[in-house]
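J.: First the structure, then my questions, so here it is.
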Amino acid sequence: MRIFLALALVIGLAAFASAQVPTVTVTATDARAAEATKDPGTFVVSHTGGAEKDLTVMYSIGGTATPGEDYPALPGKVAIPAGTASAVITVMPVQDKKPEKPETVILTLTEDPAYEVGDEKSAILTIWDK
């Protein structure tokens, strides 16, 4: 009886450990944005596994472009609705009068217990003046 219970416990733990935790990745699907033409750039955050419930993915922003000046600040999280595999994050450049060199926006996925971060954990897009 003890062996049976121990075996059941081991099988239960193995099933729990293998429960599907989503793996998230990010790509810059439109890596070129332009101020002059108001052409946005886009990141797509995707996941595999665990699509049966909404998933909120956290991220940080870096790069040489200034949030709130070169583009509206991004919230630092994106929701992927249940039953879907991805969500889009749009970076809309702000047109200003000063000539600038190309500036980058780097989105990096943040670790969280709700998901695993895959190999494609960062993506870069560039904001051009024209």
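The values are calculated or read from the model by the stated rules, or taken from the named source; none is laboratory data. Please read all numbers here as calculations on a predicted model, not as lab measurements. All Cβ positions, even for glycine, are placed from backbone atoms using ideal geometry, and neighbour counts span all protein chains on display.
J.: Test each condition in (1) under 19 Å from the mean Cα position of the chain (by Cα); (2) modelled with pLDDT under 95; (3) not aromatic (F, W, Y) for P99 and report the one that comes out false.
T.: (1)
J.: In the range 12-70, which strands (runs of 3 or more DSSP E) lie fully inside it and hold 1 or more residues that are of a type in the set (S, T, N, Q) and either touching an Asp or Glu at 6+ places or on another chain (Cβ under 8 Å) or modelled with pLDDT of 95 or more (or both)? Don't jump to the end; show me each part of the working.
T.: Working: elements: 23-30, 32-34, 41-48, 55-62.
Correct list: 23-30, 41-48, 55-62.
J.: From V94, V105, grab the single residue that is assigned to a loop (DSSP other than H, G, I, E, B) and in contact with a strand residue (DSSP E or B) (Cβ under 7 Å, 6 or more places away or on another chain).
T.: Values: V105 fails: assigned to a loop (DSSP other than H, G, I, E, B).
On inspection, the qualifying residue turns out to be V94.
J.: Here is a list: T27, T56. Which entry is surrounded by 12 or more Cβ atoms within 10 Å (Cβ to Cβ), of a type in the set (S, T, N, Q) and touching a Lys or Arg at 6+ places or on another chain (Cβ under 6 Å)? Walk me through it before giving the result.
T.: On the way: T27 fails: touching a Lys or Arg at 6+ places or on another chain (Cβ under 6 Å).
One residue alone meets the criteria, T56.
J.: Is there a residue being surrounded by 13 or more Cβ atoms within 10 Å (Cβ to Cβ), under 16 Å from T126 (Cα atoms) and touching a Gly at 6+ places or on another chain (Cβ under 6 Å) anywhere in the range 32-49?
T.: yes
J.: Going by the conditions given, is A73 closer than 22 Å to K121 by Cα, aliphatic (A, V, I, L, M) and at pLDDT 95 or above? Quick ask: steps written out before the conclusion?
T.: Values: closer than 22 Å to K121 by Cα: yes; aliphatic (A, V, I, L, M): yes; at pLDDT 95 or above: yes.
Yes.
J.: Now for a separate question. Give me the pairs: first residue in the range 54-83 and on the phi > 0 side of the Ramachandran plot, second residue assigned to a loop (DSSP other than H, G, I, E, B) and of a type in the set (D, E, K, R), beta-carbon distance under 8 Å, and six or more apart or on different chains, which are they?
T.: Note: pairs meeting the criteria are G83/E52.
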